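Below is one structure, written out as structure tokens; the observations come after it.
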Amino acid sequence: MLSGIAPRDELDRQGIDIFHEANEVGCNYQDHVGAPVTRRLDGMQGLYGADRGLAAVKNGIDYFGFKRGLLVSNLLQAGACVDTDGPGLPDIQCNFAPFAPGAPGAQPLPFHAVQVHPMTMRPKSRGRLGLRSKDASDAPKFLSNALGHVDDLDALRRGVRLVRRIFEQMRLKHNVGEEIWPGKDIDSRVGSNNLDDAIREHVRTIFHPAVTCRMGPMPIAVAPQIS
């Protein structure tokens, strides 16, 4: 953009001469986002406290001395890709993990817990990057626009319903206690009007940001395929 390759309105706003008008530069940001359904563990231990004190020392000895134990794991003990809408392609990925994230930007919860984390696999929301000024040392403007497309919210809504059903299966329901999120006050049945607000407050990035510049064979792509 600073070199004059960007959407025209972005360059005009900053008084930068246009070298090449490219309307998809900075305009196609996308990311996987999720909302982890979290339950306390009842009579079992997860990973709470495993990074402190004697537990941390033991984990270090197991790893460096014997290449075993907690540190040989990526901590996501299982996963599933699920078609929740019926077209035959998975739209939700679930990760299973024995630890409890807090709210977005907050510390992990201070007790043993388990989460099953539904997240969007094929997000339709698109964010953008833009210039704050003509100064290359200034950070860019950024709009993630997570859940900006209604289909992404629909997918997470179905994902939360699915995970709640998973937690009610016989092999799990007797090992988990209180639901931390969404919580007993949030009704996820079809027609409920408070689940959407809960998802919007709790949704977070899965750290898969990509594609601020559209690429591919289409004419509007930043780098169209040459045959």
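The values are calculated or read from the model by the stated rules, or taken from the named source; none is laboratory data. Keep in mind it's a predicted model, so treat the numbers as computed, not measured. In this analysis, Cβ positions are derived from the backbone assuming ideal geometry, glycine residues included, and neighbour counts consider all displayed protein chains.
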Hey, any hits in the range 143-152 for a residue that's buried (at least 18 other Cβ atoms within 10 Å of the Cβ) and not charged (D, E, K, R)?
-> yes
Counted residues in the range 82-104 being touching a Cys at 6+ places or on another chain (Cβ under 6 Å) and part of a strand (DSSP E or B) come to 1
Would you say Arg189 is surrounded by fewer than 12 Cβ atoms within 10 Å (Cβ to Cβ) and over 27 Å from Gly43 (Cβ atoms)?
-> yes
Subset of the range 1-59 [outside the structural domain of Gly216 (by TED's automatic domain parsing) and among the basic types (Lys, Arg)] | Arg39, Arg40, Arg52, Lys58
Kindly indicate which of Ile180, Ile206, Ile199 is surrounded by 13 or more Cβ atoms within 10 Å (Cβ to Cβ), among the β-branched types (Val, Ile, Thr) and touching a Gly at 6+ places or on another chain (Cβ under 6 Å).
-> Ile206
Got a number for residues in the range 67-98 being within 16 Å of Val163 (Cβ to Cβ) and at pLDDT below 90?
-> 2
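Report, by residue number, each residue of the range 24-45 that is small (Gly, Ala, Ser) and either more than 28 Å from Met119 (Cα to Cα) or at pLDDT below 90 (or both).
Listed by number, the list holds a single entry, Gly43.
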Quickly run through the range 112-130 and pick out the residues that are more than 13 Å from Glu179 (Cα to Cα) and assigned to a loop (DSSP other than H, G, I, E, B).
-> Met121, Arg122, Pro123, Lys124, Ser125, Arg126
Whichever residue in the range 12-40 is free of Cβ contacts under 8 Å to residues at least 24 places away in the same chain and out of contact with any helix residue (DSSP H, G or I) (no Cβ under 6 Å at 6 or more places or on another chain) and, among such residues, is nearest to Val211 (Cα to Cα) | His20
Filter pass, Gln107 being at pLDDT below 95, in a loop (DSSP other than H, G, I, E, B) and under 30 Å from Asp152 (Cα atoms) | yes
Specify the residue that is farthest from Met218 (Cα to Cα); the eligible residues are those in the range 14-50 that are surrounded by 12 or more Cβ atoms within 10 Å (Cβ to Cβ) and among the charged types (D, E, K, R).
-> Asp42
For the range 166-179, indicate whether the set of residues that are farther than 22 Å from Met44 by Cβ and touching a residue at least 40 places away in the same chain (Cβ under 8 Å) is non-empty.
-> no
Ala113 fails exactly one of (1) among the aliphatic types (A, V, I, L, M); (2) more than 18 Å from the chain's Cα centre (by Cα); (3) over 19 Å from His202 (Cβ atoms), namely (3)
